[in-house]
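Structure, as structure tokens:
The values are calculated or read from the model by the stated rules, or taken from the named source; none is laboratory data. Keep in mind that this is a model prediction, so the values were computed, not measured. Using ideal geometry, Cβ is built from the backbone for each residue, glycine included, and neighbour counts are taken over all protein chains shown. Calculation scope for accessible area: heavy atoms of the full protein, side chains included, ligands and nucleic acids excluded. Shrake-Rupley method; radii C 1.70, N 1.55, O 1.52, S 1.80 Å.
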Amino acid sequence: MVQEVLDIIRGYNTVIIHRHIHPDLDALGSQGALAEILKISFPNKNIYIVGEEDKSLKFVKRMDDISDSEYNGSLIIICDTDCESRISDKRYKKGDFILKIDHHPNVVPYGDLNWTDVSASSTSEMIYDLFNNGKNGLLLTNEAARLIYAGIIGDTGRLLFNNTTNKTFSIVNELQKWDFSIEDLYTDIYKCNLNLTRLKGYILQHFHISKSGVGYIKIRNNILEKYKVMPNEVTHIINIFSDVDGIKAWTFFIDEKDHIKVRIRSKKIPIDQVAQQYGGGGHFLSAGATIHTWDEAETMLQQLENHVNVHALVDYH
Ligand SMILES: [Mn+2]
């Protein structure tokens, strides 16, 4: 697969790399690292990265500002994005060929070529694979190593979640040999602004746990306004009560005025099917959906409750 991917890349002079909306460390890390690798390995190609920026993640990578004409005859690579509706910057449609690189289940393939690896901890890990398997032609830089490291740290919760494999550890081991400051990276990643810290306090006071072990919190818009926190910032604190004894899965309902964002996480029981029933999706243990009423939130919670109840008997490990 890596060879196929490299053959496609070799055939284009302009490569424009996209990723998902509301970027996270893995989206920016994989996108930025791939750009770094391609720039140093193919100095004659035009390589760009595009998409909306997140204020709190500017330390990871800044985007390029390019004109529409750059898309003529270009190769589009889309990192870390499971479905088309989540692609940031809709101009990807203007490209000549779409290559998807992703570690989410390939439920809705949209690329002309799809490289998906659900066993990878992160898309950033796949970018390392690309470099590693394409070694004869590809080079890495300190900056690319920093970006891949950031992406892996983001999606594995600092090598804590069960998507962390032996391979992930060996890649991290290799990356540590490159020249970048892991300490500075951690300082940037784990800094939390005061407003979000106060909101943490509110959530810890008000979340509920159901009989089956579903933790949940409904965050209404007036609360977000009171604490001066943007809805998408809440994702940064999604795990704050996950370690409470008895919790098997947990859900945040985040009021975004015209809709409600649902984020579901789970320790062992796969919960992506519940998200799919509401038009959402994601990973087995980390999924999301969008709903429109608080009644729907109640139905969803009930469904999650039943789901966790039924699956609690299965031996996941
Ligand atoms: Mn990812």
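Tally the residues that are part of a helix (DSSP H, G or I) and open to solvent by 70 Å² or more (accessible area, probe 1.4 Å), restricting the search to the range 263-315.
9
With Gln31, Gln3 as the choices, which residue is open to solvent by 10 Å² or more (accessible area, probe 1.4 Å) and of a type outside the set (A, V, I, L, M, F, W, C)?
Within the list Gln31, Gln3, the selection yields Gln3.
What strands (runs of 3 or more DSSP E) completely inside the range 75-123 contain at least 2 residues that are of a type in the set (Val, Ile, Thr) and touching a residue at least 12 places away in the same chain (Cβ under 8 Å)?
75-79, 97-102
Of everything in the range 34-67, what is of a type in the set (A, V, I, L, M, F, W, C), open to solvent by 30 Å² or more (accessible area, probe 1.4 Å) and in a loop (DSSP other than H, G, I, E, B)? Give them in sequence order.
Correct list: Phe42, Phe59, Met63.
Among the residues of the range 74-94, write down those that are open to solvent by 20 Å² or more (accessible area, probe 1.4 Å) and away from the ligand (no atom under 14 Å from the Cβ).
Once the filter is applied, which keeps residues that are open to solvent by 20 Å² or more (accessible area, probe 1.4 Å) and away from the ligand (no atom under 14 Å from the Cβ), the range 74-94 yields Glu84, Ser85, Asp89, Lys90, Arg91, Lys93, Lys94.
Of the residues in the range 105-117, how many are within 24 Å of Ile271 (Cα to Cα) and modelled with pLDDT under 95?
Here the count works out to 6.
Inspect all residues belonging to the range 55-66 and state whether any of them is within 19 Å of His20 (Cβ to Cβ), among the polar types (S, T, N, Q) and within 15 Å of the ligand (Cβ to nearest atom).
No - not one qualifying residue is present in the range 55-66.
Within the range 204-242, can you find the residues that are in a helix (DSSP H, G or I) and out of contact with any helix residue (DSSP H, G or I) (no Cβ under 7 Å at 6 or more places or on another chain)?
Scanning the range 204-242 gives Leu204, Gln205, His206, Asn221, Asn222, Glu225, Lys226, Asn232, Val234, Thr235.
In the range 159-173, what count of residues is obtained for those that are over 16 Å from Val118 (Cα atoms) and without any contact (Cβ under 8 Å) to a residue 24 or more places away in the chain?
Count: 6.
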